[in-house]
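No lab work stands behind these numbers, since they all come straight from the coordinates. All of these numbers come straight from a predicted model, not from anything done at the bench. Cβ: placed from backbone, ideal geometry, glycine included. Neighbour counts: every protein chain shown.
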Amino acid sequence: MADNTTFQPPRGMRDFYPEDMRLRSRIFDAWRTAAEQSGFEAYDACVVESLELLKRKAGEEIVDQIYHFQDKSGRDLALRPEITPTLARMVAARQGGLAFPLKWYTIGQCFRYERMTRGRKREHYQWNLDIIGEESVSAEAEILATAVRAMQQLGLPPEAYRIHYSSRTLLSALLYRLGIPPEHHQPAFLALDKRGKIPDSAISELLRSGGISNEGIPAVLRLLEIRSLDEALQVLGSDSLAADEINFFLACANAHGILPALQFDIGVIRGLSYYTGIVFEAFDARGTLRAIFGGGRYARLLASIGGGDTSAVGLGFGDVVIAEILAERQSAQTELPRKGYHVACMHPDQLLLATQIAASLRTQGHCAYLALAPMKPKTFFSKADAAHAAFAILVGPDDAAAGTIRIKDLATRTEAACPIQQLLE
Ligand code: HAM
């Protein structure tokens, strides 16, 4: 008896049918074009990574979400939840032979066993842009300017999104002013990053277990009420290192023309433990979706896995939220420009001639779709139209006999006669 079981993709994993691939390719093309325009070089690595590396380097939240397994030799491996630890490993392995600063990009699939919400799947593609070996915050501005170019490529106007930024250096300085010693700053960052995601009582508990005293907790929570950069700098005194860094970052962003997209937000801390300086996350302007992209400065990750004392900055930009935004704005209309030829014959006797015509067009560098069996004119022209072909050639018995075929321009609906011999040359 036939087995009628139908299978769905595993929960949280996506299939991409050709119509889905159109939007995905559009997003990938925008990412690639923007990266190449800004002089980033492509790299790649395998989605399978050592569990040990990922556990040591990802934030706590991500560690719980790792898909891991043992191979047949008992090695502990995992599907990467992010690409940054792999990038750090690759750079550390060639530390002596690379010409810094590196500007590298990749587009890769990542897997996280996340609670499924809008904009979050268990698998996504992530564009990673990183600059390694540049201390100046001009690198932060360069990364963000490149991300903005990708948004432009995708047709998103500046008012469609906001880039929220803050600085862990700044937050550290504020914590220090409250009398909290540096060794408690890291657990405080990870606790404060959860604001809005878990109740304040649970955050207080995390702060307490991170070494912050009961008396200190309300003051730490109050830091998140700071509303502007001016307010933060007033508390801190404007001659701090954090202030200098942020002011120069803003000057560079202004030179790139992206300053209007930026918005100070003390609540942007990031859930990954390796960030050390300026951090950022972009959101849709209505603020209804999860982050479009996120990233920041990580000054010590490379040194911590055996590389040099090399500071880096980068971002991860996923395909899920941006696809939703594009679909919502309907600029995602994947209306294809007309391209190439559709070639068919009306009778089996002309199949070889139609094949020769398609082969010749392909040799000349054109795209040519060849119908592999004879077709009725009505079916053929409607298929060619639906496929957004620019031209259609239907070889009939009379054409073959006359040595001439008609090339139909599907946009203007006009026909031009062409000697077959000329087409085959
Ligand atoms: P992240 O904030 O964990 O950072 O992820 C970056 C982006 O990946 C998110 O803003 C979102 O677009 C996408 N993303 C993450 N998880 C999911 C998910 N479950 N479903 C759909 N999209 C998702 C990082 O991963 C850092 N390693 C980025 C980085 C690169 N920092 C420096 N260099």
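A few comments on the model shown:
- When the chain is treated as a GNM with alpha-carbon contacts under 10 Å, the residue of MET116, MET21, MET375 showing the greatest mean-square fluctuation is MET375.
- The label point for ALA255 and the one for ALA359, both projected 7 Å from the Cα toward the Cβ, are 5.8 nm apart.
- For the chain, the relative contact order comes to 16 percent (Cα pairs under 8 Å, sequence separation of at least 6).
- Rounded to the nearest 20 debye, the dipole size of the stretch 341-424 about its Cα centre is 200 debye, using +1 on the Cβ of Lys and Arg and -1 on the Cβ of Asp and Glu.
- Between PHE40, PHE391, PHE248, the GNM of the chain built on Cα springs shorter than 10 angstrom shows PHE391 fluctuating the most.
- Panel order for LEU351, LEU301, by other beta carbons found within 10 Å of each beta carbon, from fewest to most: LEU351, LEU301.
- Fewest-first ranking of TYR125, TYR67, using other Cβ atoms within 10 Å as the exposure measure: TYR67, TYR125
- Prolate/oblate/rounded label for the stretch 18-333 (Cα gyration tensor, a/c 1.5): rounded
- Put a plus charge on the Cβ of each Lys and Arg, a minus charge on the Cβ of each Asp and Glu, and nothing anywhere else: the dipole of the chain about its Cα centre is then about 820 debye.
- Pairwise centroid distance, computed over Cα atoms, of the stretch 104-147 with the stretch 265-337, Å: 5 Å
- Of all DSSP-defined beta bridges confined to the chain, some 80% are antiparallel rather than parallel.
- ARG22-ALA387 pseudo-label distance in nm [points 7 Å out on the Cα-to-Cβ vector]: 1.5 nm
- Counting DSSP beta bridges with both ends in the stretch 341-424, the antiparallel % (nearest 5): 55 percent
- The 3J(HN,Hα) values that the Karplus relation (6.51, -1.76, 1.60; θ = phi - 60°) gives for the stretch 419-425 are, in residue order, x, 4, 4, 5, 5, 8, 6 Hz. Gly and Pro appear as x.
- Three-way shape label, the stretch 82-155, alpha-carbon gyration tensor, a/c 1.5: oblate
- If the segment from ARG118 to LYS194 were pulled out straight at 0.36 nm per residue, it would be longer than the present Cα-Cα gap by 25.5 nm.
- Computed label-point distance, nm, for sites GLN65 and GLU205 using a 7 Å Cα→Cβ extension: 2.1 nm
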